[in-house]
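Values in this text are rule-based calculations from the coordinates and carry no lab data. As the structure is a prediction and not an experimental result, all values here were calculated from the model. Note that we place each Cβ from the backbone using ideal geometry, even for glycine, and neighbour counts take in every protein chain shown.
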Amino acid sequence: MLSNFTAIEGRSFGYWKLVTFFAVLILMGAGAFVAVEIHGHGITGMNNKIAWGVPHVFAISMLVMASGALNLGSMSTVFAVKQFKQFGRFSAFLAIALLIGGLAVLMLDLGRPDRLLLTMMHMNFTSMFTLNVFLYSGFIIICFLYLWSMFEYQQYTKVIGSAAFMWRVILTTGTGSIFGVLHAREVFHSALTAPTFVALSLSSGTAISIILLVTTFKHTKRRLDDIVVFGLRNALIFFTLLVAYLLVVEKFTKFYSPAFYDVQNWILTGPYSWLYLLGVWGAAILIPLGILFHPSRGNSVKGVLWASISAVIGTFALVAHILLAGQAYPLNMFPGYEVSSVFLDGVTATYTPTSVEYILGFGGIAVAGIIYLLGIKFFRMLPDKAVAPEGYELPWNP
Amino acid sequence: MTMDRRTVLGLGGVATAGVVLAPGMTLIAAPPPDKTEASSDQRWAMLIDVNKCDSNCTACTKACRQENNVPLFGDPNRDIHWIRKLEIRDKEHRRPSVSLPVMCNHCENPPCAHVCPTQATFIRKDGIVLVDKHRCIGCRYCMLACPYKARSLVYHETSRNEDSNPEVPIRAKGVVEKCNFCVHLVDDGKQPACVQACRNEGKHAMIFGDLNDPQSEISVKIRTVKTQTIRADLGLKPHVHYEGL
Ligand code: SF4
Ligand code: SF4
Ligand code: SF4
C-alpha cells in the first residue's frame, strides 16, 4: 500500500469561497482584537471573577485538539497501525495549524499583548505558562521535523515520530496542569485534570481528523475507503471511553469525601449543570458513543461524521465547563461559613460573553482553517487515495 | 501549483528559527532589574482584631481607594477592591455574623507569583508581594491562582482627577493589580493607609509592623494572643493575621 501524495487543485469556486470566508473571519477577529486593545477588556463579558472567558475556551480547546491531531501520525509511527501511515503528513500539519490558531487567540486576549516578549525575557520557571511556552514552541519544531522527515528523510520518521508522541503527551499534561495545579479552585484542582486533558486530546484530535478527512476527500473527489474511517471510529470509541473513565473516577473519588459534597452537588445541580450534563456527558461522551455503537449508524461514514462533530462540540463544552464553572464557583475562603461582601464574595459569578469574544475565538479557528486549506493546496499533504492495506480487516464492528 | 522541497524546507527553517530564537532572547535582553531595595531584616505583616471591627465601618476601604487611586467603575463585577469588608456567618446561624477586612495576604508562598509568567508579580525581601505594572502582560493567571480573590484586572481606562493622590500612579488598563501594603508609605517609615484610617476612626483593629523585630507591637501580640490566618490549610503562610476569628 504505497500512497502517492499530491496537493489538491484548489481552483474550484467552493475552495476559494471557503478561503474567503476564513479570511473575512480573520479580519473580523483582528477587528475584535483592536477593539479590546483600545477599549480594554471592559467590552468583553469577563469580570473579576470570570477572568478567563470564551476566548480561552476557544484557545485551549484548539490547543488540546492540536496535540490530539498528531494522533494519526503517532498511531502509524509509534504503534505501527499501517492504514494510518498515509495520514502522517496531514496529521502533523493539522497539529501545527490548530496550535497556531489556538495560540493566536490566547495571545491576542492578553490585557497587554504588546508586552508579549516579556515572557521570553523574564521567564519564571515555576509558571505553567512559561513551561507551556517551551512546550508549544518545541511542539511546533518537532511537528515540522516530523513533517520534514516524512517528506524527505523517511529513515528518521520513526525516531522523530516517537519523540513527537512523547512531547504531545507532556504538552497536553502541561495544558491540563494550568488548571489542575491551582489548589484554591475546587472544581478543577485535581491530579486527574491533566490526564483528562490528555484523553480529551486523543478523542477530539481523532474526531477533528475524521471530520476533515471525510469532507476534504469528498470535496476533492478522492477515494477514502470506509474501512479506513471505521478504523478511526474504533479509535474514537476507545478514546471517548477513556475520557468517560477518568471523569467517573474523579467524581467517584470526590463523592467519597464529604468536604467535596458542596462543590460536587453544585456541579450536578448548579447554574452550570446544563453544561456539565448536556455538554460534557451528552455531546462529548454519550451521543458519540450512542452513534458509534449503533449497528447501522456506527457502520456508516455519515454516522461516524456526526459522532465526530458531537465529540468536537463536547470538547469545547468540557473545556468551557472546567474554565467557566471552575471560576464561577465561589472561592471557599471560610469553609463552613456563609460569606458576603461588595466584592461579590460567596456568590456564584455571572458571565455573559459579548460578541467580540466569540469573534476573536472564531478568528482563531479561521487562522487554523486557512492554514489547513492553503497547506493542502501548496504542499503534498494528502494521499491521492486512502485505502486499507490488502487483506486488512477490522477487529471489531458494531 | 505545488511548492518544491526547497520552499517547504525554507519556510520551515524560518519558522523554526523564529521559535528557537525567541526563547533565546533571554541571553541578550537586559537582566531583570534588581527586584528590590528592601531588606530581609524586616518581615512586614498585619494583624486584624475582628472583635474591634465594626460591620458598618468602611474607613479602611475608603482610605485605600483614596491613597492608591483605586477606581470604582459602577459595575460590581468589575469594580476594584484592594481591600473589602466581608461578613461571615456559620451556615447554621448559631452565632452572630462577624465583619472583617480582607486584602492581599502577602503570602510567603504566593501562588500568584509562582504562576506569573513574566515575574511581574514578585515577593520582596521584606515579604511584600508586589506587581510591576510595567511588566504585567495581563494574562490573569494570577487571578485564577489567588485563593483570596485579592487581585483585579483594570477593565477600563482610568484617569486622574482632582481627588487623585498625586504621589501614586493611577491604575493602568489591561494589567492586574492588588494591595501592595502601601509600599510607598511603608518605605517612608509610615503606616499603610487602611491601618492609619482605622486608628483615626478610634477602632485600632489593625496593626501593621515588622515580625522580625521581637519588640514590635505585632510580634508581641502574635506571641501572646491566639491568632490565625485565612485558609492556613493551603500552606501559603499568609502575613495578614486575624485575632478573634
Ligand atoms: S493573597 Fe493572593 S495576591 Fe496576595 S500574595 Fe497571596 S496569592 Fe498573591
Ligand atoms: S496578569 Fe500580570 S501579574 Fe498576573 S500572572 Fe499575568 S503577568 Fe503576572
Ligand atoms: S495596606 Fe494599603 S494597599 Fe493594602 S489594603 Fe491597606 S491601604 Fe490598601
Translational D (Stokes-Einstein, µm²/s) of the range B:128-245 at 20 °C and 1.002 mPa s when Rh comes from the Kirkwood sum over C-alpha pairs?
128 µm²/s
Residue-averaged [θ]222 nm for chain A, counting only DSSP H segments that reach four residues, each worth -39500 (n - 2.57)
-20500 deg cm²/dmol
Got a sec? How would B:L234, A:L99 order by Cβ neighbour count within 10 Å, fewest to most?
B:L234, A:L99
Looking only at the protein assembly as shown, where both bridge partners belong to it, what percent of the DSSP beta bridges are antiparallel (to the nearest 5)?
80 percent
Using every pair of alpha-carbon atoms in the range A:177-231, split the distances into 10 Å bins beginning at 0 and state the percent of pairs per bin, rounded to integers.
22, 31, 19, 17, 11, 0
Ordering A:268-277, B:119-128 by per-residue average of other C-beta atoms within 10 angstrom, highest first, gives B:119-128, A:268-277
Shape box of the protein assembly as shown [Cα atoms, principal axes, largest first, Å]
88, 55, 40
Per-selection Kirkwood Rh - the range A:176-282 (Cα, Å, 1 d.p.):
15.9 Å
For the range A:134-212, take every pair of Cα atoms, bin their distances at 5 Å starting from 0, and report each bin as a whole percent.
3, 16, 17, 18, 19, 13, 7, 4, 2, 1
Could you give the dipole magnitude of the range A:172-321 about its Cα centre, charging the beta-carbon of Lys and Arg +1 and that of Asp and Glu -1, in debye to the nearest 20?
580 debye
Rank the residues B:R94, A:R233 as a footprinting-exposure proxy: fewest other Cβ atoms within 10 Å of their Cβ go first.
B:R94, A:R233
In which sequence would A:M166, A:M121, B:M103, A:M62 go, from the one with the fewest C-beta neighbours within 10 Å to the one with the most?
A:M166, A:M121, B:M103, A:M62
Helix A:54-69 vs. chain A, principal-axis angle (Cα, 0 to 90°, nearest 10):
40 degrees
At q = 0.11, 0.12 Å⁻¹, what is the base-10 log of I(q)/I(0) for the range B:38-243 according to the Debye formula with one equal point scatterer per Cα and no solvent? Please give it to two decimals.
-0.51, -0.61
Full-extension gain in nm, A:L241 to A:Y256, via 0.36 nm per residue minus C-alpha separation
3.1 nm
Lysine pairs in chain A with alpha-carbon atoms under 16 Å apart, 8 or more places apart or on different chains: how many are there?
11
Please tell me the relative contact order of chain A in percent, rounded to the nearest whole number, where contacts are Cα pairs under 8 Å and at least six residues apart.
33 percent
Quote the relative contact order of the range B:38-243 in percent (integer), defining contacts as alpha-carbon pairs under 8 Å separated by 6+ residues.
31 percent
